[in-house]
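Okay, structure first, notes after.
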Amino acid sequence: MNAERGTKAASPTPKKPQSKTERANLYILAHPSGATELDILRNAGLSSGRNYFTDLEREFGFKFMREKITNSDGIGGHLKYSYSSLDIAETILKAINKSRINRKLAEFTPEQKAELLKPIKHLLGN
């Protein structure tokens, strides 16, 4: 509360709205065999795909596998991020549910969770 005016100070706004982070994380969860920042940009309807992978790594303490892909013009490249662990998939799912709770939405049902985990289970042969 601002002592001079008797009003509450505005809290800082997050860099990325929760709904955008949630969409990016859903895309990452659905593509355990690999996704790039450009994939997120194109397929999750976001204007940028930057930092979603590293944000998850920092917050939850795991590492994505990284594959350097050379650009078609031969100049530079980009990274493809992947994971092959059910634990990582479940952690990403927890992050998505945390976002949903913060936005006052219901968590995914057990049936929805099972559906969202199908890609990693298929990759693992389960």
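The values are calculated or read from the model by the stated rules, or taken from the named source; none is laboratory data. On a predicted model such as this, the values are computed, not experimentally measured, just so you know. Cβ: placed from backbone, ideal geometry, glycine included. Neighbour counts: every protein chain shown. Note: accessible area is taken over every heavy atom of the protein model, side chains too, but ligands, DNA and RNA are not part of it. Shrake-Rupley method; radii C 1.70, N 1.55, O 1.52, S 1.80 Å.
Structure notes:
- Filtered residues of the range 40-75 (kept if outside any helix (DSSP H, G or I) and among the charged types (D, E, K, R)): Arg50, Lys63, Arg66, Glu67, Lys68, Asp73
- Pick from the range 62-90, criterion within 14 Å of the chain's Cα centre (by Cα) and either open to solvent by 70 Å² or more (accessible area, probe 1.4 Å) or of a type in the set (Asp, Glu) (or both), ranking: nearest to Ile120 (Cα to Cα): Glu90
- Residue, modelled with the highest pLDDT, within the range 1-58, restricted to residues that are acidic (Asp, Glu) and open to solvent by 60 Å² or more (accessible area, probe 1.4 Å): Glu37
- Within the range 21-39, the set of residues being in a helix (DSSP H, G or I) and more than 9 Å from the chain's Cα centre (by Cα) comprises Ala30, Glu37, Leu38, Asp39.
- Taking every residue in the range 90-108 that is under 15 Å from Tyr27 (Cβ atoms) and pairing it with any residue that is surrounded by fewer than 16 Cβ atoms within 10 Å (Cβ to Cβ) and acidic (Asp, Glu), at least 6 positions away or on another chain, the pairs with Cβ-Cβ distances below 8 Å are Ala95/Glu59.
- Filtering the range 100-120 to residues that are over 25 Å from Ser84 (Cβ atoms), open to solvent by less than 60 Å² (accessible area, probe 1.4 Å) and in a helix (DSSP H, G or I) leaves only Arg100.
- So Lys104, is it basic (Lys, Arg) and on the phi > 0 side of the Ramachandran plot: yes
- Look at the range 60-87: where a residue is of a type in the set (Val, Ile, Thr) and a partner is open to solvent by less than 90 Å² (accessible area, probe 1.4 Å) and not in a strand (DSSP E or B), sitting 6+ places away or on another chain with Cβ atoms under 8 Å, you get Thr70/Gly76.
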